[in-house]
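Here the structure comes first, spelled out in C-alpha cells, and everything after it is commentary.
The values are calculated or read from the model by the stated rules, or taken from the named source; none is laboratory data. A quick note: this is a predicted structure, and the numbers were derived from the prediction, not measured. Here the Cβ is made from the backbone with ideal geometry for all residues, glycine too, and neighbour counts use every protein chain on show. What goes into the accessible areas is simple: the full protein's heavy atoms, side chains included, and nothing from ligands, DNA or RNA. Shrake-Rupley method; radii C 1.70, N 1.55, O 1.52, S 1.80 Å.
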Amino acid sequence: MATLTDAHISGIARRRRIDLCFAVAGAVVLTLALGVLVALVTNLAKDGAARLGWDFLTSFPSRRAGDAGVKSAIVGTALVMFVTACTAIPLGIAAGLYLEEYARKNWFTAIVEINIANLAGVPSIIWGLMALGLFVYWMNLGRSILTAGLTLGLLVLPIVIVATREAVRAIPQIIREASYACGATRLQTVWHHILPYSLSGIITGSIIALSRAIGETAPLITIGALTYIAFLPPPPFGERPWHYDVESRATFDTAQRTQPLEDVSRDISGSHDSPTPSLRDGEITFAWRLDPGTPITQSRLSLPLSSGSMSLSDLVSAIDADENLAATISRAGRLRITADAPGEDPGEFCITNDTTGLIEAFSIAPGGGRYGATDWIMSEFTVLPIQMFNWVSRPDSRFQVNAAATGLVLLTLTLMMNGIAIWLRYRLRRSISW
Amino acid sequence: MVTTPTPSENTGSNQMNAAADVSPLVASMALPQPLPSDFEPAQSPTIKAVAENLHFHYGKFHALKGVSLPIMQNQITALIGPSGCGKSTFLRCFNRMHDLYPNSTYQGAIRLLPDDINLVGPGIDPIAVRMRISMVFQKPNPFPKSIFENVAFSLRVRGGFSRSEISDEVERSLRSAALWDETKDRLHEPANKLSGGQQQRLCIARSLASHPEIILFDEPTSALDPKATRRIEELMTEIKSQVTVLVVTHNMQQASRVSDYTAFMYLGELIEYGPTAKVFQNPANQLTEEYISGRFG
Amino acid sequence: MNHRITLLFAFYSALVLFMHAPAHAQTMVRIDGSSTVYPIIEAVAEEFQAKREHRGIKVTVGISGTGGGFKKFVRGEIDISNASRPILVNELLEARQNGIEFIELPVAFDALTVVVNPRNDFVTQITVDELRKMWEPAAQGKVMRWNQVNPSWPDENLNLYGAGSDSGTFDYFTEAVNGKAKSSRGDFTASEDDNTLVQGVSRDRLAIGYFGYAYYAENKDKLKALAIVNPATGKAVYPSEAAVKDGTYAPMSRPAFIYVNKKSLEKSEVRRFVEFLLKEGAPLVEEVKYVPLPAEAYEKALDRVRKLETGTAFGGHNIAGLHIDEIFSRPLSNDVSDSPR
Ligand SMILES: Nc1ncnc2c1ncn2[C@@H]1O[C@H](COP(=O)(O)OP(=O)(O)OP(=O)(O)O)[C@@H](O)[C@H]1O
Ligand SMILES: [Mg+2]
C-alpha cells in the first residue's frame, strides 16, 4: 500500500468538491422542479378554489358559469379510466411477461420491441383516428365509454408493457433458476414469482400510464366525446326509464286553435314515473304506474285525432267516458285528467293547453325493467379535460375559473390514483422483501 | 504451464447400453488405476446415475467434452477443478438447467438408475427431471417470501397436497436442514431476514421438501463464513442417508472432508475420478496432483 | 396474495363476458359540430331539458368543429350539426351519396369584431380595402407598418393577430376580406384560442386583430373595437346587436347555422328541440353574447322545419356578407352550384 502524498490529499479535497457540487446541483434542480409544480398548483388553486365545492362536483354543464359543474365529466372520466385500466393493465402485463419470459429473442421480437418503444411516441391524435376507424366504424362500438377506454388503453399500453418488462428484468435470474429447479413450469414461475415480485414496478408503470390517459383530450374528441351531456350512464341493474317513442302526429284543432298535448306529466308529488299518452290509429293511450316496479295501468281512448279536429270539451267528455279516467278543466286553463285505476291509488295527469302547436303523441317503449350490468359501457360520455378545454376557450372569464377548478379536480384524481398506487406498493413490500 | 491432457481412456470405452448391469461399468470406467486394495466404501455403493460420454455445447462453445462418470447412491461426490473447467456446466446437465437458455445442446447420456432413463435424452421432460433432482445454488437464493412459503413452494408446484401435509412436509424439511429450531417460531417472517448461512440451509430445506433422489450443490458455501460453511458441510453429511449428493467445490479441504468420491475436471474433460482419499492422497494424474497441491487453478 | 389475484382475474373475465349487452334505443337528440356555435346550443339544450314536458329527453352536444360535425352528420350519426359556415361542396356530395337530406337553419349572428389596443389613438374605423391590404397573401413580409396601409396612420410596426387556420372564424374573415376562404398572409400571430388573441392585443399598442364579438364584449376594458365601413353605404358601423340585425354591420356579420337531418325530424324529440330553439332561443342567444336573428327570421326558419324544406342556400360555397333576408330568399338546393354568388 502506497503512502498518501500531498497530491492525493488535495485530490480528495477536489473530489469532495465535485461531490458537493453535484449534491447542490441536484438539490437546486429538485427545488426548481418542485417550485414550478407548487407554483402551478397554487395558481390553479387560487383561480379555481372559489368555484370548487360540492355543487360544482354534482352539477351538469351549464351556460351559466356559476351553475356549471363537472358531474358528468367526473363520472365519465372515472368510467373511461376504469375501462382503460381493465384493458391496458392486463394486456400490458401479459405482453410484457410474454416478451420477457416466453418469447425467444430473435429478429422478430427485436422488431416488436423497437415498435413498442416507437408506439409510446405516436401522437395521441393518431390513436384517435385509428380508434375512429377501428372501434367506431369497423367494430361498431359507437362513440361510447368502451371505445374511449379502449382507445386510451391502446394509447398507454406501451407504457405498461415497458414498465412490466423493466420490473421483470429487475428480478434476479437466480430467483427464476431457483423456481425452475424446484420443478416449476414457466406459468408457475411467472404466477408465483415473476408477477408478484414485479407487481410493485408494474403498478407504478400502470399509474403513470393512467395519469397520462386521464389528461388526454385530442383522441377522445376525435372519437366523439361530448361536451354537453346532462345525464349519467345507466347504472348497472339500475331501473330503465320508460322511453318516449313517437307513434304518429296529428293536428289537434279546437275552435281554430291547435291544442297541444305537450306537457304530459304526472301532477302529483313523489318519484313516480311520468305517465304518457300514446297515440295510435286515432287512439290515445294513457299509461301510468304509481311506483317503480308495479305493473303499468293503461286506459285507451278512442279519439278521432288523426282525422282532424276535436274540441276541448269533446276531449273532456271523451276522457270522462272512460271508466278509469276523469277530466276537468281548471281555471288556469289546464286540462286535468284523473286516473282511478282499479285496485290502485288514484293517479293524476296534466295536459296543458297554454301553448299553441302540434299534438305530440307518444307511446311508452316496451320494457322498463332494469339495465344490464354493463349497459353503461355503451353510453355517451364526456371527460374532465374536455370540459376544461371547452371552458378555457370561452369568452366569459368566469368560465376560466371553472376550468381552473376542473384542473384541481383532475389533479386531485391523479393524486388519488398515485395514493392508491403508493398504498398498494406499501402493501406489496410488506409481503415481498428482498 | 500445463499441458493439455489427452482424454483418458474412458471416452471410447464406455458405450454402455443398459445400466441394469452396472458393476462392470464401474470397474471399467473413469478409473485410470484400479482401486487400491485398502479401499472399503462405507456401504457397498450402488450407482445412482452415470454420465456417459456427455458432451455439452453453449452455442458453438464446446464446454463438456465427453465426460463419463458414475454417481454413487447415498454418497457425496465432489467435483473439483480450476475455474471455467465445466464443473457447473456438468452439474446443471443433471437437472436440465441449461434448457432455460437457448442454443444449449446435449450429446451422450446421463442415465438415472435404477429405472434407467437418459436425463438429457430427447423426449424427457426437464420438469420431470427437476422434480427428481433438486439443486442448491452458490449464492443463497431464497424467494422473497416467508420461510414457510419458500419450503412449501416445491410442494405447491406439484399440487395435490393438503394444508396439513404441506406444513408437515415443511417441518420435516426444515428439521432435515437443521433449521427447524431456529425458525419454528417465525415461519411466516420473510426469508430474507435470515442470515446467509440460514438462508442457504433454507434453500437446502426447499430442495429436500420434494424428496429428491439427487441434490446438486454448486459451491454452496462459497458465499459463507467458515462457521456457516461447517454447518452446511455437516448437513450434507447428515442428509446423504436420504439422498445422493453431487457437490461442486473450490475448497479442497471441503472436498476431502465431506465427499466420498472426487472427480477432477479440466478444460471440459474428466481427468480423474476415484474415492476421495485415493484422489487426494495418491492422485494418478500429474494434473490432479498439481491442482490439489495448489500449484495452479 | 395469489388467491386475490385469481379473484381479480375471475372478476375481470366476468366483466369481459358481460360486455356485449345490447344498447337500447333512447330518446336522444345528438348534436355535434362547431365550438363557436356551441355556447348557443348548450344554452338551448340546458333550457330545453329543464322543462318538465321534456323530461326523459336527452340532449348531447359535442365540439368536434364544424368540419368534424359535418363528417358525422353526412354519415347520419348525429341529428343536428352545428356550423359556423355553410355546408361545403364535399360535404354536400357526401350527404347526397349517403341519402342524407337536411334542413339548413340560421340560428344566430356573430359580429366578427376587429379590435386594436385601447392606447391606439390613430384608428377608430377601417374599410374592407384597408383590411385586405393588411391581410391579403401578397402582403406577407411587405406590409409591415401602419402607414403602408393608410398614409394618415403613423410609421410604426403593424402587429397582426388572427384566428388559427382550422377555425371557422379564419375561413369567414378571409372570405369576407380577401374574397377567398383560407387565403391569407401567414406571418401573423395565430391562435385557435381567442382568449390568447385577446391577451395579445390588449398588451400590444400596435396590434390589430379579429375574433367573435363575445370575446370583445367580455373584455371591453382591454380592447377597442373598430367601426367597419360598410362597402355598400360607405358608412362606418360599430359592431352592435342593432347593426347586425339591420344588416348594416357588413360584411362582418356571420351567421351561425344548425343543419338538421330530415329523417331525424321524424323523431319528436328532435322536432321539439328544433322548434324550441327557434321559438324560445332568441333570449338565450343574447345571453351567451351572440346576436339573435330578427323574429321574422325565426318564423321563416320554423316554416322551413314545418314544410321540411331541404337544401342549402349557399350551393356548397362559403359566401360572406349576406343579409339575413337574402339567406332566406335565396333558393334552396341540394345540389352544388357553380358560382358562389
Ligand atoms: N452461458 C454460457 N454461455 C457460453 N459459455 C459459457 C456459459 N456458461 C459457462 N460458459 C463457459 O463454459 C465453460 C465452463 O463454465 P462453468 O461455469 O461450467 O465453469 P466452472 O467449472 O463451474 O467454473 P467456476 O469454478 O468458476 O464456477 C467456461 O469456459 C465458461 O466460460
Ligand atoms: Mg461454477
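Phi angles across segment A:90-100 convert, under the Karplus curve 6.51 cos²θ - 1.76 cosθ + 1.60 with θ = phi - 60°, into 3J(HN,Hα) values of x, 5, x, 5, 4, 5, x, 5, 4, 4, 7 Hz, Gly and Pro given as x. Applying both filters, DSSP loop and at most 15 other Cβ atoms within 10 Å, to the trypsin sites (Lys or Arg not before Pro) of segment C:72-163 gives C:Arg75, C:Arg119, C:Lys142. Solvent exposure of B:Asp185, expressed as accessible area, is near 130 Å², computed with a probe of 1.4 Å over the protein chains only.
Label point of C:Arg330 set 7 angstrom out along Cα-Cβ; within segment C:104-144, amide nitrogens under 12 Å from it belong to C:106. With springs only between Cα atoms under 10 Å, which of C:Pro331, C:Pro283, C:Pro151 fluctuates most in a Gaussian network model of chain C? Comparing C:Pro331, C:Pro283, C:Pro151 in the GNM, the peak value goes to C:Pro151. Ligands, DNA and RNA excluded, the heavy atoms of B:His55 present near 40 Å² of accessible surface to a 1.4 Å solvent probe.
Less than 5 angstrom separates the built amide H of B:Met265 from those of B:Ile80, B:Gly81, B:Ile271, all sequence-distant by 5 or more or on a different chain. For chain C, a Gaussian network of Cα nodes joined below 10 Å ranks C:Ala232, C:Ala176, C:Ala256 by mean-square fluctuation, and the top entry is C:Ala232.
Largest accessible area first, the listed residues A:Arg104, A:Arg143, C:Arg254 line up as A:Arg104, A:Arg143, C:Arg254 when surface is computed with a 1.4 Å probe on the assembled protein chains.
Each Cα pair under 8 Å and six or more residues apart adds its sequence gap; the mean of these over the residue count of segment B:177-297 is a relative contact order of 17 percent. Protein-only accessible surface at a 1.4 angstrom probe places the residues A:Arg169, A:Arg429 in the order A:Arg429, A:Arg169, largest first. Once the Cβ-Cβ distance of A:Tyr102 and A:Trp423 is raised to the sixth power relative to R0 = 41 Å, the FRET efficiency obtained is 0.85.
Note on chain C: dipole from Cβ charges, positive end direction compared against C:Leu158, C:Ser264, C:Ala43; the farthest Cα belongs to C:Ser264. Extension gain, B:Leu100 to B:Ser83, is 3.9 nm, computed as 0.36 nm per intervening residue step minus the present C-alpha separation. Taking the Kirkwood radius as Rh and the Cα radius of gyration as Rg, segment B:47-292 has a ratio of Rg/Rh equal to 0.97.
Interface residues of segment A:395-434, defined as a loss of at least 20 Å² in heavy-atom accessible area between the chain alone and the complex of all protein chains with a 1.4 Å probe, are A:Pro395, A:Asp396, A:Arg427, A:Ser431, A:Ser433, A:Trp434. Per-residue shielding of C:203-215, expressed as the average number of other chain Cβ atoms within 10 Å of the residue Cβ, stands at 1. Taking amide hydrogens as placed 1.01 Å from N in the peptide plane, the amide H of C:Val237 sits under 5 Å from those of C:Ile228, C:Val229, C:Asn230, each at least 5 positions away in sequence or on another chain.
With 10 Å bins beginning at zero, the pair-distance distribution over Cα atoms of segment A:51-210 amounts to 10, 29, 28, 19, 9, 4, 1 %. Normalising by the residue count of segment B:47-292, find the relative contact order in percent from Cα pairs under 8 Å and 6+ residues apart. It comes to 28 percent, rounded to a whole number. With both labels modelled 7 Å from their Cα along Cα-to-Cβ, the C:Glu266 to C:Ala232 distance reads 4.1 nm.
Segment A:156-170 to segment B:122-190: how many Å between their Cα centroids? The two parts, judged by their Cα centres, are 30 Å apart. Between the helical axis of C:2-18 and the longest alpha-carbon principal axis of chain C there is an angle of about 80 degrees. Counting only protein chain heavy atoms and rolling a 1.4 Å probe, the accessible areas of B:Ile239, A:Ile125 rank, largest first, as A:Ile125, B:Ile239. Exposure check, 1.4 Å probe, all protein chains in place: B:Phe148 carries approximately 30 Å² of accessible surface.
Only one residue of B:Pro82, B:Val136, B:Gly274 has its Cα farthest out toward the positive end of the dipole of segment B:47-292, where Lys and Arg carry +1 and Asp and Glu -1 on Cβ, and that residue is B:Val136. Max-minus-min Cα coordinates of segment C:121-219 on each principal axis give 31, 29, 21 Å, with the largest extent listed first. Counting Cβ atoms of other protein chains within 10 Å of each Cβ in A:228-234 and taking the mean gives 6.
Across segment B:112-120, computed HN-Hα scalar couplings (Karplus, 6.51 cos²θ - 1.76 cosθ + 1.60, θ = phi - 60°) run 9, 10, x, 7, 6, 10, 8, 4, 9 Hz from first to last residue, x flagging Gly and Pro. Per the Debye formula on identical point scatterers at the alpha carbon atoms of segment C:215-341, with no solvent, log10 I(q)/I(0) at q = 0.13, 0.21 Å⁻¹ is -0.65, -1.32. Pairing chain B with chain A buries about 2000 Å² of accessible area. This figure sums both sides and uses a 1.4 Å probe. Pairs with C-alpha atoms separated by more than 32 Å, drawn from the list B:Lys48/B:Lys184; C:Lys235/C:Lys300; C:Lys180/C:Lys245; C:Lys71/C:Lys142; C:Lys72/C:Lys182, are B:Lys48/B:Lys184; C:Lys71/C:Lys142. How large is log10 I(q)/I(0) at q = 0.16, 0.19, 0.24 Å⁻¹ when the Debye formula is applied to the Cα atoms of segment A:1-82, each weighted equally and without solvent? With one equal scatterer per Cα and no solvent, log10 I(q)/I(0) is -0.83, -0.93, -1.08. Between A:Leu57 and C:Lys182, the FRET efficiency from the beta-carbon distance, with R0 = 51 Å, is close to 0.75.
Once the chain from B:Arg163 to B:Ile124 is taken as fully extended at 0.36 nm per residue, the excess over their C-alpha distance is 11.0 nm.
Remark on B:Gly66: its backbone amide H falls under 5 Å from those of B:Leu54, B:His55, B:Phe56, a criterion applied only to residues 5 or more positions apart or on other chains, H modelled at 1.01 Å from N. When you restrict to C-alpha pairs under 8 Å that are six or more residues apart and normalise by the size of chain C, the relative contact order lands at 24 percent. When the convex hull of its Cα atoms is viewed from all sides, chain C shows a mean projected area of 22.9 nm². Look at the stretch B:126-132: the mean tally of other chain Cβ atoms within 10 Å of its residues' Cβ atoms is 3.
Treating r as the C-beta distance of B:Ser222 and B:Glu289 and R0 as 22 Å, the FRET efficiency rounds to 0.40. Simple point charges give the picture: +1 on the Cβ of Lys and Arg, -1 on the Cβ of Asp and Glu, and for segment C:217-341 a dipole about the Cα centre of about 180 debye.
Modelled spin-label separation between C:Asn157 and A:Ala218, with each label point placed 7 Å from Cα along the Cα-to-Cβ direction: 3.0 nm.
Here the sum of -39500 (n - 2.57) over DSSP H runs of 4 or more residues, divided by the residues of chain C, equals -11000 deg cm²/dmol at 222 nm, to the nearest 500. Phi-derived couplings, Karplus 6.51 cos²θ - 1.76 cosθ + 1.60 at θ = phi - 60°, listed residue by residue for segment A:391-400: 6, 4, 8, 7, x, 5, 5, 5, 5, 4 Hz, with x used for Gly and Pro.
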